[in-house]
Structures are given as structure tokens and as C-alpha cells.
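The values are calculated or read from the model by the stated rules, or taken from the named source; none is laboratory data. For clarity, every value in this text was computed on a predicted model and none was experimentally measured. Glycine also receives a Cβ, built like all others from the backbone with ideal geometry; neighbour counts cover every protein chain displayed.
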Amino acid sequence: MPPKFQVYKDAAGKFRFRLRTDNNKIVAVGEAYEQHTSCINGIKSIQKNSNSEIEDLTIEDRKVSNPKYQIFKDAAEKYRFHLKASNGEIIAKSEAYQTKEDCQKAIEVVKESNNAEIEDTTTAPKPTETQTETTLTKPEEELAQTVPTAPLPIEIPTVSSSPALSERSRTVFVGNKMPIDYVLAIITGLSASDARDITLKARGQAISTAVDAAEITRHRFLKNLKVSKVAIGTEEMPPREGETRARMVSTIEIVLTKE
């Protein structure tokens, strides 16, 4: 029987997932997510990168480019591995193993997870290509149906947790809300008579939301709007609890201008 992903809520009410073997043993876990869809996309990112090469940090092994598995020893001298995406972000962490052989066997389990079943123990709806909420008004429902459902990388702390609009620079900081929230922020920011452009800024997982918001606004609401600039980069973030290395997070800046 192939391995299985299990989606659940932790004590803080956040969404998490773990990968279990057929004997119900946990071999890998993900991060905590605010949104159910983000958690599912984290699983898809693992499946996408499941066949990556292995870099063994416990020996003088050759360097492997991302995406990759990294085998290392923790503070207790036990073997663990991380699965990193192409941008260098850790998208899965393993349990601790007494031997390297057991650690390598666990990696093989992850490699078999590209078509693994997803068991969702939460009450949140499973994502579909045209997922909508019955409580949406008609315009919002139509807008929600235009949001792409492409997989996203593992969740990364975002610039903001809600649509924040700077009046001085007309900048929308994209966080973990729905794209429609940022669409409304864009329209509001451009409603001023002297407003010619507006900038969307996002990093990590919020990049996809920023792109969605820009495209929905341009194609559905303000058709005289064009993308005048797109800038991408990286930022160094402090390590999470239990990690020793800083994390590099992808960033994006999208400038929308009235024609």
C-alpha cells in the first residue's frame, strides 16, 4: 500500500499535514498553515519534488542543486532529512532516525508519495477547480471562479496578514487572504483622481496570490490596467525554531499602471 498524506488541525487551529506509511508510521511532516488551501498546496509541492536527488551532509558528499533531499545529524546525533523546493525552502521534515539506512528508507517512502492519497480530517472543503462558497454574493462568486488553482510552495511568513494599502506610495502588501481582498484594495487605491499606478508586494507563498489579484483586476474589472513592471528577488529570513540556518525567501513586486 502506498504512503498517505493526512491533513489535520493542530492545537492552535492551524492546518498541518503528515506523511504516513502503510503501517501508520510518520515519515515526514509539513509546516503550520493558516489556510486549508495552502496546506493542500504544500502537499502538492512535496509530490512535485518527490523524485529529487539526495545530498548527504554527514559526509563529504557532492553538492546537489535544489530541489533536493538533505540528510544531516541533529543535536542528538540522530539522522534526519529535509526536502527542499527549487527556491531552497524546506517543504518537508523527517522524524529522527538512529541509523542513516533508516533515514534513507524514509526518503524512499517520500519518493513514492507523488500519487499518494490525501486523507483530510478537517472540516474545511477540499479544493476544486471551480470551488466557491455558497455565502458569496453574485459578483464575488464570479470573481472566485477566476482564481487559478496552481500548486504553491510551502508556506512562508508573508509581508502582511491582511490587505494593507499605503496611501503615500499606493502599495498593497499581499498576505494570506483571498485574492478578492487584494483586488478590492487595488481598485480602492486606483480610485483617486491622481492615481496612475499601484504596486503589489509579496513574498513566499503570497506571490501566487499577488499574481492572481493582479490578473483578476486587469481582466475582469479594470481592463485599462497594464503590468508596467515586475521585479523578483530574495530576502534572508531568520531560521525557524529547531533550524540553524537562515532561510532565503522569494519576493515579487508588481506595478500596475493605468493606460
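Take GLU112 and decide whether it is farther than 30 Å from ALA246 by Cβ, modelled with pLDDT of 90 or more and part of a helix (DSSP H, G or I). It is true that GLU112 is farther than 30 Å from ALA246 by Cβ, modelled with pLDDT of 90 or more and part of a helix (DSSP H, G or I). Residues in segment 31-55 that are part of a loop (DSSP other than H, G, I, E, B) and either in contact with a helix residue (DSSP H, G or I) (Cβ under 8 Å, 6 or more places away or on another chain) or over 13 Å from ALA85 (Cα atoms) (or both): GLU31, ALA32, GLU34, GLN35, SER50, ASN51. The set of residues in segment 169-188 being under 12 Å from LEU222 (Cα atoms) and at pLDDT below 85 is empty. Against the criterion of being assigned to a helix (DSSP H, G or I), touching a strand residue (DSSP E or B) at 6+ places or on another chain (Cβ under 6 Å) and outside the structural domain of MET178 (by TED's automatic domain parsing), ALA28 does not qualify.
Every residue, every condition in (1) out of contact with any Phe, Trp or Tyr (no Cβ under 6 Å at 6 or more places or on another chain); (2) part of a strand (DSSP E or B); (3) of a type in the set (Gly, Ala, Ser), yes or no:
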residue: ALA210; (1), (2), (3): yes, no, yes
residue: ILE216; (1), (2), (3): yes, no, no
residue: LYS226; (1), (2), (3): yes, yes, no
residue: SER250; (1), (2), (3): yes, yes, yes
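Residue count for segment 171-228, restricted to those that are buried (at least 19 other Cβ atoms within 10 Å of the Cβ), among the aromatic types (Phe, Trp, Tyr) and more than 18 Å from ASN41 (Cβ to Cβ): 1. Among the residues of segment 38-74, those that are among the β-branched types (Val, Ile, Thr), out of contact with any Asp or Glu (no Cβ under 8 Å at 6 or more places or on another chain) and surrounded by fewer than 21 Cβ atoms within 10 Å (Cβ to Cβ) comprise ILE54, THR58, ILE59.
Return yes when GLU77 is surrounded by fewer than 19 Cβ atoms within 10 Å (Cβ to Cβ) and on the phi > 0 side of the Ramachandran plot and no when it is not. When the stated conditions are applied, GLU77 passes them.
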